[in-house]
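Worksheet: one structure, shown below.
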Amino acid sequence: MATRRMSACFLWLLLCLCGRLWTSRSTGEGVSATDDIREPYMDILQPYTDGHGPRHSHRYVRDCQLSVHGNRTHESFRASNHSGLPVAESRLVVYKLPNRIVTGHFTVVRDPLRTLSVLEPGRPGGCGSRRLSTVEETSRAAGCVYAQNGGYFNTHTGQCLGNVVSDGRMVQDSGGVQNAHFGIRRDGTLVFGYLSQDEVLDQSNPFVQLVSGVMWLVRNGEVYVNSSLKAECDETQETGSLRYFADVVSARTALGHDAKGSVILLQLDGQTGERGMSLWEMADFLKQNGVINAINMDGGGSATFVSNGTLANYPSDKCKADVRWRCARAVSTVLCVHPPHCQPSDCGERGRCVDGACRCQEGWRGADCGSSVCQLPSCGPHEVCTASGCVCDAGWTGVNCSRECLPGFYGDGCNQTCSCLNGGSCHHIHGRCSCSPGFTGKNCEEDGRSQAKEQEQETHYLTESTWLTLTIILSVLLMLSLLALVVQLFGHSPPSRTGANYAYLPLTTSDGEVSNSGGAGKWDCSNALELM
């Protein structure tokens, strides 16, 4: 298996060499094919113009790398968290090579998790709209202390190429394209190398910053260009072979880290085929300056370095208005060094970012304000959740808030006192008195037993006199009533007939005849009807 792998890679190298020779004959040594096509003021150094990187699988990349690395296709390193000022330090590079001197900038970022961001061109959404913007424009809007250009883009359409994650937001997924990457995960881990699609999309410890480059320059402190040529396994593109891309001197940018976990930004001035560095020379330079892992970013006319919003390097593109001058090119993604940012920048909408640290709202804590101060069942039945944790509810105390307040105390923290007299007790929550039998009042100060006795005596006296008076009155009224009845019944004589007006009507029989049984002229009083 190893023999076949070596044979395949050797054959590929032969094809790359042929491609380089063919490109050199057709375009002239040191000038890419695209340089002839584009306008003369543009210094193009694009390894991939009709796409971005090889489309083969991640497993194929593992097969092409050295066996000493096994299945690992990327390296991880814990980032430094130095929080002191300044957030970064930039130095001017003057590096002497045979027949030329290379100038540029070497920037050390001490707290990359909080102070380094991958920005879209211009503003968020720039990649989606295929917008290109100069590093100056993008960095000024974002308040960058230092900034340099980042990943590759399609010079014809403006499309951002490769994977892009900006401040925790997935901007673009390349679909598994195998080129060297730089990323920072949420826990501060720096990642360099080749990533599978699953690794890019992993949410257990997601990337908060991610950008794609081309060619892994330094791996574990050793120059890795030759191995990277094999691992990326790409064929000849419009600008020539990948080997030509690595060999030609040009303006360059790179991204790496040192042994302390600080991120290194390197920008070198140059002109494709005339001045600058090859990838081999840049890898050597990085190794000599203590860089452990590094990848190559977009170069040529894209190589730009900005300090506090001002262009600080010597770009290779000629100005369109006047070719005597040099102008910065509009690019895609930008690497921005800024004052400390919180992760996430909005503190999960549960706090606000102050000097790079989240100040959480009440009830939340953690570096990202992502943890609730207390969550059920952490607080017991007599506890309430506050910004400082679980505290006892009103009227309760003890380790687990399971004991009522001591007698005479009540309320929050059992620090309020109450006074209940005559053996009464106060409620441990609201402090109201519960009186002993026979006592009343707010503080049980009234003796209910003496009051009841007085009321009973007063009620008994009034009832006795009242009943005596009523009895006498009723007895008198009853006697008078009886006397009046007797007088009415026995005190009147029968009325006399003399002088009285009486009308006597004779009784008649059923046939109308007058009864005369009592004699003529006389009435039978027993059959007469007396009318008054």
Expected single match for of a type outside the set (D, E, K, R), within 27 Å of His257 (Cβ to Cβ) and surrounded by fewer than 20 Cβ atoms within 10 Å (Cβ to Cβ) among Leu97, Leu116 is Leu97
Looking only at the stretch 115-129, which residues are touching a Ser or Thr at 6+ places or on another chain (Cβ under 6 Å) and either at positive phi or assigned to a strand (DSSP E or B) (or both)?
Val118, Leu119, Gly122
Checklist (1) at pLDDT 95 or above; (2) surrounded by 18 or more Cβ atoms within 10 Å (Cβ to Cβ) applied to Leu161, failing item
(1)
His341 fails exactly one of (1) at pLDDT below 80; (2) in a loop (DSSP other than H, G, I, E, B); (3) in contact with a Cys (Cβ under 9 Å, 6 or more places away or on another chain); (4) open to solvent by 40 Å² or more (accessible area, probe 1.4 Å), namely (1)
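To keep it simple, each residue is scored yes or no on (1) open to solvent by less than 70 Å² (accessible area, probe 1.4 Å); (2) modelled with pLDDT under 80; (3) assigned to a loop (DSSP other than H, G, I, E, B).
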| site | (1), (2), (3) |
| --- | --- |
| Cys369 | yes, no, yes |
| Cys374 | yes, yes, yes |
| Cys379 | yes, yes, yes |
| Val384 | yes, yes, no |
| Ala394 | yes, no, yes |
| Val399 | no, yes, yes |
| Cys420 | yes, no, yes |
Can you pull out the residues in the stretch 249-270 that are over 11 Å from Glu281 (Cβ atoms), more than 40 Å from the chain's Cα centre (by Cα) and open to solvent by 10 Å² or more (accessible area, probe 1.4 Å)?
Asp269
Kindly list, by first and then second residue, each pair from a residue in the stretch 190-212 that is free of Cβ contacts under 8 Å to residues at least 24 places away in the same chain to a residue that is open to solvent by 10 Å² or more (accessible area, probe 1.4 Å) and assigned to a strand (DSSP E or B), limited to pairs with Cβ atoms under 8 Å and residues at least 6 apart or on different chains.
Asn205/Arg185; Asn205/Thr189
Taking the stated definitions as given, is Gln65 at pLDDT 75 or above, under 16 Å from Asn179 (Cα atoms) and either in contact with a Pro (Cβ under 9 Å, 6 or more places away or on another chain) or of a type in the set (S, T, N, Q) (or both)?
no
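Here is a yes/no grid of residues against (1) over 22 Å from Cys160 (Cα atoms); (2) open to solvent by less than 10 Å² (accessible area, probe 1.4 Å); (3) among the basic types (Lys, Arg); (4) modelled with pLDDT of 95 or more:
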site: Gly175; (1), (2), (3), (4): no, no, no, no
site: Asn179; (1), (2), (3), (4): no, yes, no, no
site: Ile184; (1), (2), (3), (4): no, yes, no, yes
site: Val191; (1), (2), (3), (4): no, yes, no, yes
site: Tyr194; (1), (2), (3), (4): no, yes, no, no
site: Leu210; (1), (2), (3), (4): no, yes, no, yes
site: Val214; (1), (2), (3), (4): no, yes, no, no
site: Arg219; (1), (2), (3), (4): yes, yes, yes, yes
Please name all residue pairs, on different chains or six or more residues apart, with Cβ atoms under 9 Å, provided the first residue is in the stretch 163-182 and is over 14 Å from Gly151 (Cβ atoms) and the second residue is hydroxyl-bearing (Ser, Thr, Tyr) and surrounded by 18 or more Cβ atoms within 10 Å (Cβ to Cβ).
Asp167/Ser117; Gln178/Thr73; Gln178/Tyr194
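The values are calculated or read from the model by the stated rules, or taken from the named source; none is laboratory data. What you see is a predicted model, and the numbers here were worked out from it, not measured in a lab. All Cβ positions, even for glycine, are placed from backbone atoms using ideal geometry, and neighbour counts span all protein chains on display. Surface areas here come from the heavy atoms of the whole protein model, side chains and all, with no ligands, DNA or RNA. Shrake-Rupley method; radii C 1.70, N 1.55, O 1.52, S 1.80 Å.
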